[in-house]
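Here's the structure we're looking at; comments come further down.
The values are calculated or read from the model by the stated rules, or taken from the named source; none is laboratory data. The shown structure was predicted, so the numbers you read here are calculated from the model rather than taken from an experiment. Here the Cβ positions follow ideal geometry from the backbone for every residue, glycine too, while neighbour counts run over all protein chains shown. Calculation scope for accessible area: heavy atoms of the full protein, side chains included, ligands and nucleic acids excluded. Shrake-Rupley method; radii C 1.70, N 1.55, O 1.52, S 1.80 Å.
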Amino acid sequence: MPGVSPFLVLSTNLLYYLFKMASYDVLGQFYDEIMGDQKESARIIRRLIGQHHPKAVSLLEIACGTGSYLFNLKNHYNVAGLDHSSVMLSITRDKLPEISLFQTDMLSFRLNQKFDAIICMNDSINHLLRLRDWEKLLSKA
């Protein structure tokens, strides 16, 4: 952005990111009531994976939140999730104590396992404010 200090842009992006993450810690206790159970969306995900990768066995959800998608997909795939919010992951862990969960952000994660399918649902990817961050995330898939 011409005429705008790179420090200001970085600071603004960092503040936005920190605000959004903190708000999920507050929102976590109400998230499932607001978003619903995601059963129908999970059926669509299964259909799409079946069409494009019918032999998929494992699935990772990036920014898994409270684990509603994972809960609905657990009987069809070996599921795992990652999220930045410890509160959201705690809710997921209560629902799905048997699955692997990782507390990390969607840009810096490095997992020592591969997944047949990776999903990032709702508006989660929109937390990435720069095209290069979208490219970085998608390059990990």
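Kindly state which strands (runs of 3 or more DSSP E) lie completely within region 31-141 and contain at least 3 residues that are touching a residue at least 60 places away in the same chain (Cβ under 8 Å).
In region 31-141, the matching strands (runs of 3 or more DSSP E) lie at 58-62.
Among (1) in contact with a Phe, Trp or Tyr (Cβ under 9 Å, 6 or more places away or on another chain); (2) open to solvent by less than 40 Å² (accessible area, probe 1.4 Å); (3) not acidic (Asp, Glu), which single condition is THR104 missing?
Here THR104 clears every test but (1).
Here's the yes/no breakdown for (1) over 16 Å from the mean Cα position of the chain (by Cα); (2) within 21 Å of ASP37 (Cα to Cα); (3) not acidic (Asp, Glu):
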| residue | (1), (2), (3) |
| --- | --- |
| ASN75 | yes, yes, yes |
| ALA80 | no, yes, yes |
| SER86 | no, yes, yes |
| ASN126 | no, no, yes |
| ARG132 | yes, no, yes |
